Amino acid sequence: MNILMVYPEYPDTFWSFKHALKFAGKKASFPPLGLLTVASFLPKEWNVKLVDLNVEKLKDKDIEWADYIFLSAMLVQKESTLNVIERAKKFNKKIVAGGPMFTTGYKDFPFIDSIVVGEAETVMHDLIEDMDKGDLKHLYIPFRKPDMKEVPIPRWDLIDFKNYASIPVQFSRGCPFNCEFCDIIIINGRIPRTKTPEQMIKEFQSIYERGWRGSVFIVDDNFIGNKKKVKEMLKHVIKWQEERDYPFIFLTEASINLSDDEELMDLMIKANFDKVFIGIETPNEESLKETGKLQNTKRNLLSSIRLLQRKGFEVMGGFIVGFDHDTKSIFDTMINFIQKSGICVSMVGILNVLPETRLFKRLKKENRLIEISTGNNTDFSVNFIPKNMTVEELIEGYKKVVKTIYSYKYYYERLMNFIKEYVPKSKHKITFSEFVYGAKAFLKSVLVLGIIEKSRSFYWKTFMKTLFTKPKSLVKMVTLCIYGYHFKKVYDEYGYRSKKVYDRYIAQPSN
């Protein structure tokens, strides 16, 4: 049996890091963990090939070779996914699809042969059996949430590590919180399920033995959803890292209440966590209450962020405008908050109404939906009718926010605010190959940011100030300069098209 796994291409978005990756000669941020995990369930005698469209092209001969094509995608990858489906159908190939886009939107794909709705672990046996018989069902719906002990080590042999900036590993699924706009709890539930410490060590060992060194992304939607289990696991990881001289630098996603737990922060730093993405959403407390983000209320958000930075974390932040309690004043408030926070990687997006969320159901009932979300909350699209402003005012206000915070003046000012607070504590020893990639990125940053771009005066001023006041943060500073270049390019490109986006949504409303 020949199985072709295809991972669709991401558009040029905030998280694609497309413009930043070119500095170091990488092709994509990370490989498709879902497909690599599913591949481990397939019989050993089957031939499996993975084509990640973010690093290579899909050839007709690959499609012709396949007996079945496996697809996994998120909503933001929809355009590329439909192109793959169209090509596969021309060769009359059967498609098995899964992942977030198909889980919440399976009704939109009646033309797909088979769809796995939700997590695949508990249905893989039946799916494989039916593939063998040539008698696929249209839907495979898990009868329970799988125990994370059932999750195998991914098939790392299907990818070339050199193409990627980071390698993904998963510790848990599910989030204990119930934010109105979030679809994570629909897909993975509200009770966090975790792997055992022994499983995690085996997974880390598997990528270590294949020669990977550097960034490892623990992809949990909320890494600290079960604090007791996290602490237990981290103690094993610390020992493993110490014994190997800290080969990995970890990054992950967590809720802001991480800053309330001194022991947990210390364990993460000892395990060599360097970055954490926090869903901050908004400085408007009424909007936080509205969306159910109660863990962010009744606290000084700036103090929590600064505490994490001083501990040794680079805080990345998610922000949203367009909540029902947002008025036109939110845009200036957001700009001021982000500048004070020193969060360089600030993903500010317009509220996205994702399928099947509590927000989706509420706004549908209120007759305020315009169309299905693109899955990209940074592309200036609006798929709902705002409450305290018009669609045009929301788009224009959002444009003002991103144009301001990613202007060279504001970005480098924010970068310096971060460097002042940040206390780097990484114990990772840079390998020769990492040094080569890093040197290449630095030299290109000098050429592009220090000579060609209008950022040059800001770049050199920040570089020299960091060199003489915080020399240990110099690598971090150059990296964030490169990120800033990417973010500016992305928002500039989308900004040029925002008027067309606005015209389309106003001209073609539908409920």
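The values are calculated or read from the model by the stated rules, or taken from the named source; none is laboratory data. Just so we're clear, the structure is a prediction, and the values are computed from it rather than from any experiment. Don't worry about glycine lacking a Cβ; one is built from the backbone with ideal geometry, like all the others, and counts go over all protein chains shown.
Observations, loosely collected:
- Qualifying residue in the range 11-24 (condition: in a loop (DSSP other than H, G, I, E, B), β-branched (V, I, T) and surrounded by fewer than 23 Cβ atoms within 10 Å (Cβ to Cβ)): yes
- Output for the range 296-327, where each listed residue is more than 19 Å from L480 (Cα to Cα), under 23 Å from the mean Cα position of the chain (by Cα) and buried (at least 23 other Cβ atoms within 10 Å of the Cβ): N296, I320, V321, G322, F323
- Of all residues making up the range 229-244, the number that are without any contact (Cβ under 8 Å) to a residue 40 or more places away in the chain, part of a helix (DSSP H, G or I) and among the basic types (K, R): 3
Conditions tested, residue by residue: (1) within 18 Å of D12 (Cα to Cα); (2) modelled with pLDDT of 95 or more; (3) among the aliphatic types (A, V, I, L, M).
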position: L354; (1), (2), (3): no, no, yes
position: L359; (1), (2), (3): no, yes, yes
position: L363; (1), (2), (3): no, yes, yes
position: N367; (1), (2), (3): no, yes, no
position: T374; (1), (2), (3): yes, no, no
position: D379; (1), (2), (3): yes, no, no
position: K387; (1), (2), (3): no, yes, no
position: L394; (1), (2), (3): no, yes, yes
position: K400; (1), (2), (3): no, yes, no
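- You will find that of C175, C182, the residue that is assigned by TED's automatic domain parsing to the domain that holds G317, at pLDDT below 95 and out of contact with any helix residue (DSSP H, G or I) (no Cβ under 6 Å at 6 or more places or on another chain) is C182 and no other.
- Residue within the range 148-157 that is loosely packed, with under 13 Cβ neighbours inside 10 Å, at pLDDT below 95 and in a helix (DSSP H, G or I) present: no
- Residue match in the range 167-174 (condition: in a loop (DSSP other than H, G, I, E, B) and over 19 Å from the mean Cα position of the chain (by Cα)): no
- Within the option set K61, K78, being free of Cβ contacts under 8 Å to residues at least 60 places away in the same chain, at negative phi and of a type in the set (K, R) holds for one residue only, K61.
- Scanning the range 350-368 for residues that are surrounded by 21 or more Cβ atoms within 10 Å (Cβ to Cβ) and either of a type in the set (G, A, S) or in contact (Cβ under 8 Å) with a residue 24 or more places away in the chain (or both) returns I350, L351, N352, V353, L354, T357, L359.
- Residues satisfying the stated conditions in the range 340-374, i.e. under 21 Å from F177 (Cβ atoms) and in a loop (DSSP other than H, G, I, E, B): I343, L351, N352, V353, L354, P355, E356, T357, S373
- Residue check for D503: closer than 28 Å to I419 by Cα, at pLDDT below 95, of a type outside the set (G, A, S) and part of a helix (DSSP H, G or I): no
- As a summary of the residue check, V216 satisfies the conditions (1) at pLDDT 95 or above; (2) over 20 Å from P152 (Cβ atoms) except for the one numbered (2).
- Among all positions in the range 64-76, there is no residue which is out of contact with any helix residue (DSSP H, G or I) (no Cβ under 8 Å at 6 or more places or on another chain) and closer than 30 Å to V436 by Cα.
- Residue match in the range 340-347 (condition: among the aliphatic types (A, V, I, L, M), without any contact (Cβ under 8 Å) to a residue 60 or more places away in the chain and under 25 Å from K275 (Cα atoms)): no
- Any hit, the range 283-295, residues being in contact with a Phe, Trp or Tyr (Cβ under 8 Å, 6 or more places away or on another chain), surrounded by 20 or more Cβ atoms within 10 Å (Cβ to Cβ) and under 28 Å from K470 (Cα atoms): no
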